[in-house]
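Read-outs: derived from the displayed coordinates by stated rules, not from any lab. On a predicted model such as this, the values are computed, not experimentally measured, just so you know. As a convention, Cβ positions derive from the backbone with ideal geometry for all residues, glycine included, and neighbour counts pool all protein chains shown.
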Amino acid sequence: QKEVEQNSGPLSVPEGAIASLNCTYSDRGSQSFFWYRQYSGKSPELIMSIYSNGDKEDGRFTAQLNKASQYVSLLIRDSQPSDSATYLCAVTWGSEKLVFGKGMKLTVNP
Amino acid sequence: DTAVSQTPKYLVTQMGNDKSIKCEQNLGHDTMYWYKQDSKKFLKIMFSYNNKELIINETVPNRFSPKSPDKAHLNLHINSLELGDSAVYFCASSNNPSGEQFFGPGTRLTVL
C-alpha cells in the first residue's frame with residue numbers, strides 16, 4: 001500500500017518567517033513528487049514539482065527531496081498572509097496514480 | 001482561456017437520482033482524471049483515462065461510471081445517488097500518467 005504522510009498541523013507562522021512543510025512516503029520506488037496549494041473553496045494548484053534528490057528553488061519556494069530518507073519538504077521564505085492555504089504533498093510511482101497526503105493547513109499571521 | 005473546466009459548479013439533488021458532471025480540457029493533454037474530495041478535505045483518485053482508455057479504476061461503487069468520448073473530455077455519471085456521495089469532485093489532466101496534473105474548479109455535489 002503506497003502512502004503519503006503529512007503532519008496534520010495546522011501550522012501558524014508570523015508574516016516574514018519561514019514556513020516548513022514536511023511529507024514522508026512509504027515506497028522507495030517513487031519517482032515524481034509534487035506540492036499543491038489549495039485555498040479554501042478552490043481547486044488544488046500545482047506550485048512545485050521535483051524529481052531528483054536535492055533542492056529546487058522557485059521564487060520564495062524551495063522543495064527538498066531526500067529519496068534515501070523518503071521525505072520531501074517545502075520551504076516558504078518570507079511568508080505572506082496570501083500563502084495561507086492548505087498544502088498537499090503528492091507522489092507518483094512510475095505511471096501509477098498520484099497519491100496525495102491529507103494536507104497541512106498553513107496560516108500566516110500579519 | 002480556462003485550461004480545465006467542469007460543469008456544473010454546484011449540484012444539489014435528491015437521494016436516488018442520477019446525475020452527470022462534465023469535464024473538458026484544452027491543454028492537449030492525453031490523460032484525464034476524476035478525484036473526490038470529502039468533507040475532511042482528503043483528495044482521492046477515482047478514475048484515470050489515457051487516450052480515451054481507462055487506466056485507473058479505484059475501488060469505487062459501480063454506480064459511478066466515467067466516459068471519455070475523446071481525449072479532451074471526461075464525464076462522470078452517477079446513478080442512484082446516496083448521501084455519502086456528497087463531496088467536491090475534481091477533474092484533472094496531465095501530459096502523461098506520472099506528470100504534473102492540472103485541476104478543474106470542482107463540482108460541489110450535495111445529496112439531500
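Just a few scattered comments:
- Radius 14 Å from Cβ of B:SER39, net charge of other residues (Lys, Arg +1; Asp, Glu -1): +4
- Taking 30 Å as the straight-line reach from the Cα of B:LYS71, the lysines in range (excluding those fewer than 8 positions away in the same chain) are A:LYS2, A:LYS42, A:LYS97, A:LYS102, B:LYS9, B:LYS19, B:LYS22, B:LYS36, B:LYS41, B:LYS44, B:LYS52.
- Counting Cβ atoms of other protein chains within 10 Å of each Cβ in A:98-110 and taking the mean gives 3.
- Mean per-residue shielding of peptide B:101-110 is 3, counting Cβ atoms of other chains within 10 Å of each Cβ.
- The Cα-based radius of gyration of segment B:1-53, divided by its Kirkwood radius, gives an Rg/Rh of 1.00.
- Rounded to the nearest 20 debye, dipole of the protein assembly as shown from Cβ charges on Lys, Arg, Asp, Glu: 380
- ³J(HN,Hα) computed for each position of segment A:96-108 - Karplus, 6.51 cos²θ - 1.76 cosθ + 1.60, integer Hz, glycine/proline x: 7, 5, 7, 10, 9, x, 7, x, 10, 7, 10, 10, 9
- The local environment of A:VAL108, defined by Cβ-Cβ distances under 13 Å, has a net charge of +1 under the rule Lys, Arg +1 and Asp, Glu -1.
- The local environment of A:LYS42, defined by Cβ-Cβ distances under 15 Å, has a net charge of +3 under the rule Lys, Arg +1 and Asp, Glu -1.
- For segment B:42-95, the C-alpha radius of gyration divided by 2.2 N^0.38 Å, with N the number of residues, is 1.15.
- q = 0.14, 0.18, 0.23 Å⁻¹: log10 I(q)/I(0) that the Debye formula gives for chain A, counting C-alpha atoms only: -0.50, -0.83, -1.30
- A quarter of the convex hull surface defined by the alpha-carbon atoms of the protein assembly as shown gives 12.3 nm² as the mean projection.
- Compactness of segment B:1-109, expressed as Rg and Dmax over alpha-carbon positions, Å: 12.9, 37
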